[in-house]
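The block underneath contains the structure these notes are about, expressed in structure tokens.
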Amino acid sequence: MNFEEMLEQRDIKKTSKIRMPYGYFYKRLINGKYSNFVEFHDELTEDIFFGHCVKAECEAIGSIDHKNQLHFSTDGSDGVFAIAVEVGNYQTLEQLLNDNPAIVARDEFLSTTLKSLFDLTSTLNNKDIYHVCYAPSNILMRKNDNSVRLLCHGSFYKKVDVDLLYEGVEDYVAPEVFDRGVIDSRTDVYSLGKLISYLYHSAGMPFELKPIIAKATDADPDKRYSSVEDLEAAINKAHIVKRAGLLGIAAFSIALIVLGMFFYMLPSPDVMEYVKPVDEPIPDEMLEEDMDALLGIGADTDSATIAQIIKQQQHLKDSLGMSEGKMREYTAKAEEIFRKQFTKAAEGIISRVYNNDQMNGSEKDFAINADRMTRELVTKKDEIMKSTAISSERAEAIANKVIEQLTEKKKAEMDKDYYGIKKQNNKK
């Protein structure tokens, strides 16, 4: 082995190949700079149509100016075995979720990811380009901000053997693709619906989304939403209706509380034979602010009953008038208790998954264990949240931070070559 070959082998060892449906995505050090490449699977490159499809896509997406669209170039030869992808540090959505499964619990992650996918897909569909397969292994995420990137759209490869192209990700591809039927916006609606179902698998899909996803993933294209814009509008409407419903329930609950307080404050009907004179006059502020409470008790009420009502009103005001500083102090203590209890529980749960034995096992076993881990973390978070009486928003934020810290800690303690990448590379 000469010196150049030694350098090449060294560079290959420094980078890991990420398996995608159509090939391996990897970085390579060339002239002191890292460049992104996709090395296509041998079975695909042997297809007589594949090279022409890659070149057609390269030319078509060159005019698409969208931040979530990745561009690439070919080497110009007749047979296309690899492509050079624009600069950036990327990983697949599948990798991200395996690395940090709790990220799906963040509302902003789901909403931002789906909004980006809907926006780019709409742009593509308007140009008669369809991604076809939104499998987590077919979506790239930029590492520094987890923003979406798409590459290699399925509608350019209609002439290629689809069984080879989508091997292992068939669940995310609409039935009409395998039947050699029409590929259009409804095809992308189906695949996006499958992706949304996957993202909510661990945390549990909200009830209001279930009928929407059922319609989006119907086997009959005519029964689906006609476009991704319609699918997005249906999801947004469901969220608005849910928020309105929650506000209505909250308003009704507050009304019941106020009504209950009103009846509670009414004077007792018991007859009193002796009444101790009241030395203190009715405070001016009571006359100004709580006249309705006094007028509602009747004209024949004695001074002792009035005094008791005044005392109750003042007690209520004192209870509600706790200083903001004191409230912040109590809240901070509750959150600190939550953080300590959740950290202890989460460390045990995460340790059962993030260890060398588990991470170097099969992808299927790891996915099952990661799913179980996520459910346990959510259950434990809710349990401790109730016992410490902190808000769900604060519990969510603290839990996410704790999980991120523990995950990074466990990763640092493990063998860096996980996810079965060694095994995949050896097979390759």
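The values are calculated or read from the model by the stated rules, or taken from the named source; none is laboratory data. Computed from a predicted model, the values in this text were never measured in an experiment. Positions of Cβ are generated from backbone atoms using ideal geometry, with glycine treated the same way; all protein chains shown enter the neighbour counts.
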Which of the residues spanning region 68-84 are β-branched (Val, Ile, Thr) and either assigned to a loop (DSSP other than H, G, I, E, B) or surrounded by fewer than 16 Cβ atoms within 10 Å (Cβ to Cβ) (or both)? 74, 80
Regarding region 116-129, can at least one residue be identified that is closer than 26 Å to residue 186 by Cβ, of a type in the set (A, V, I, L, M, F, W, C), part of a loop (DSSP other than H, G, I, E, B) and more than 16 Å from the chain's Cα centre (by Cα)? yes
Filtered residue count, region 1-45, keeping only those that are assigned to a loop (DSSP other than H, G, I, E, B) and at pLDDT 85 or above: 4
Which one is nearest to residue 99 (Cα to Cα) among residues in region 166-198 that are crowded, with 21+ Cβ neighbours inside 10 Å and free of Cβ contacts under 8 Å to residues at least 40 places away in the same chain? 172
Within region 192-234, how many residues are over 17 Å from the mean Cα position of the chain (by Cα) and in a helix (DSSP H, G or I)? 14
Across region 333-354, what is the total count of residues that are over 16 Å from residue 401 (Cβ atoms), free of Cβ contacts under 8 Å to residues at least 40 places away in the same chain and in a helix (DSSP H, G or I)? 2
First in region 152-165 and assigned by TED's automatic domain parsing to the domain that holds residue 83, second anywhere and surrounded by 21 or more Cβ atoms within 10 Å (Cβ to Cβ), Cβ under 8 Å, 6 or more apart: none
Given (1) closer than 14 Å to residue 150 by Cα; (2) surrounded by 14 or more Cβ atoms within 10 Å (Cβ to Cβ), number of the condition residue 65 does not satisfy: (2)
Do any residues in region 29-45 that are more than 25 Å from residue 165 (Cα to Cα) and in the same structural domain as residue 19 (by TED's automatic domain parsing) have Cβ atoms under 8 Å from those of residues that are in a helix (DSSP H, G or I) and not aliphatic (A, V, I, L, M), where the two are at least six apart or on different chains, and which pairs are they? 29/11; 29/14
In this structure, is residue 57 part of a helix (DSSP H, G or I), surrounded by fewer than 17 Cβ atoms within 10 Å (Cβ to Cβ) and not assigned by TED's automatic domain parsing to the domain that holds residue 408? no
When you scan region 188-196, do you find a residue that is modelled with pLDDT of 95 or more, of a type outside the set (Gly, Ala, Ser) and within 20 Å of residue 54 (Cβ to Cβ), even just one? no
Specify the residue that is nearest to residue 28 (Cα to Cα); the eligible residues are those in region 52-96 that are touching a residue at least 24 places away in the same chain (Cβ under 8 Å) and among the small types (Gly, Ala, Ser). 84
Within the bounds of region 133-152, is there any residue that is more than 24 Å from residue 27 (Cβ to Cβ), at pLDDT 95 or above and in a helix (DSSP H, G or I)? no
